[in-house]
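Since the structure comes first, as structure tokens, the remarks are kept for the end.
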Amino acid sequence: MSESEVLLRKMYAALLDAYGTRKWWPAETAFEVVIGAFLTQATAWRGVERSIANLREAGRLTMEGIRSVTEEKLRELIRPSGFVQRKAASIKAFVQFLDEHYGGSLEQLAEAHTTELRIQLLTLPGVGPETADAILLYALEHPVFVVDEYLRRVVTRHELLPANARYANLQSLGDGAIASPTREETARHANELHALIVEVGKRHCGTTPRCEGCPLRPFLPDAKSKPLY
């Protein structure tokens, strides 16, 4: 384990001590997680919540609901999430992919090999690395570490990696920090650490850092000399 991986693992322990387990991702079903992974792109979570509520109220928060709804109506239902034309098309394409290759079953999808499945997901419209990994981890319970902007801020501000680090480098750092004896345990840690990073990001590590009271403040390179605010 590298020095940066060891440090991130210690930061994980500090966040867990400060915030406890987060039980992320907030959803009632695996399919709802998939829908949320598309909707959350480039938008605040409150917009996703409104879109999910619209879909649930309209009876469309199921595979069959998405299959049978028109793309125009779907765009209307997910409007609070923004970028509705792209997101509606992406959601429709995912369900079509699931029907054509996995019998319309998320359970069958989850049984595929992680590497192969990630490659397949990345070929779908509107699916980049973060969306693919969110689906793999949170909907399908594969041991994949999700990289987002909050993680990038935390990692680069604490100088674990340079500011221009690529997604794969950030993911490799996270993978090393959560490495565990079993697939299930690794997936659990991937889930928990990402959720905790989101939490500390929202509270302290936004576009402008707010270091006062942050549980990760002691891990900053200049923590001994930098004031708390």
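Brief remarks follow.
- Label zone of ALA53 (point 7 Å out along Cα→Cβ, amide N under 13 Å): in region 78-112 this covers 80-81.
- Between LEU140, LEU106, LEU196, the Gaussian network model of the chain with springs among Cα atoms under 10 angstrom shows the greatest mean-square fluctuation at LEU106.
- Calculated SAXS-style log₁₀ I(q)/I(0) at q = 0.16, 0.18, 0.27 Å⁻¹ - region 21-66, Debye, Cα scatterers: -0.41, -0.51, -1.06
- Among complete DSSP H helices in the chain, those whose alpha-carbon atoms stretch at least 20 Å along the helix's long axis and whose mean Kyte-Doolittle hydropathy reaches -0.5 are 3-19, 84-102.
- Gain in span if fully extended, THR123 to ASP17, counting 0.36 nm per residue against the direct Cα distance: 34.3 nm
- In terms of packing, defined here as the mean over residues of other Cβ atoms within 10 angstrom, the peptides 64-76, 202-214, 7-19 line up highest first as 7-19, 64-76, 202-214.
- Region 47-138 - charge dipole about Cα centre, Lys and Arg +1 at Cβ, Asp and Glu -1, debye rounded to 20: 440 debye
- Distance between region 63-86 and region 117-173 - C-alpha centres, whole angstrom: 26 Å
- The chain, relative contact order [Cα under 8 Å, separation at least 6], %: 24 percent
- Structural descriptor for region 30-139: relative contact order 32 percent, calculated from alpha carbon pairs under 8 angstrom and at least 6 residues apart.
- Total lysine pairs in the chain at Cα distances under 21 Å, for residues eight or more apart or on different chains: 7.
- Computed over the chain, Kirkwood Rh from alpha-carbon pairs, angstrom: 18.6 Å
- Backbone amide hydrogens, once placed in the peptide plane, bring VAL147 within less than 5 Å of nothing, excluding anything fewer than 5 places away on its chain.
- Ratio Rg/Rh, restricted to region 30-139 and using Cα atoms, in which Rh is the Kirkwood radius: 0.93
Coordinate-derived values only; no laboratory data. Note that the structure is predicted; figures quoted are calculated from it, not measured. Note that each Cβ is placed from the backbone with ideal geometry, even for glycine, and that neighbours are counted across all protein chains shown.
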